[in-house]
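The values are calculated or read from the model by the stated rules, or taken from the named source; none is laboratory data. Everything quoted here is computed from the prediction, not taken from an experiment. Heads up, the Cβs are rebuilt from the backbone with ideal geometry, glycines too, and the neighbour counts pull from every protein chain shown. Each accessible area value is taken on the protein alone, full model and side chains, heavy atoms only, with ligands, DNA and RNA left out. Shrake-Rupley method; radii C 1.70, N 1.55, O 1.52, S 1.80 Å.
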Amino acid sequence: MRGPISPVPQGAYAHFAERLSALYQTTLEQPVPDRFLELLDKLDRREGQG
């Protein structure tokens, strides 16, 4: 059994949010892989047939 949960240090949530936001922004700046674009195109063509 676990003991009591200690409180989160002040500023930890803000630090976590900043780091997560930076990671997300970096991800958004990455190009979409060609293979993924090909799969999306193939899916669009299939949906257009149905």
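If you count only protein heavy atoms with a 1.4 Å probe, what accessible area per residue comes out for the chain, rounded to a whole Å²?
Details: 5390 Å² over 50 residues.
Heavy-atom accessible area per residue stands at 108 Å².
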Given a Förster distance of 22 Å, the FRET efficiency implied by the Cβ-Cβ spacing of V8 and F36, rounded to the nearest 0.05, works out to 0.05
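How large a share of the accessible area of the chain, in percent, is made up of carbon and sulfur atoms when the probe is 1.4 Å and the other protein chains stay in place?
Accessible surface attributable to carbon and sulfur in the chain totals 59 percent.
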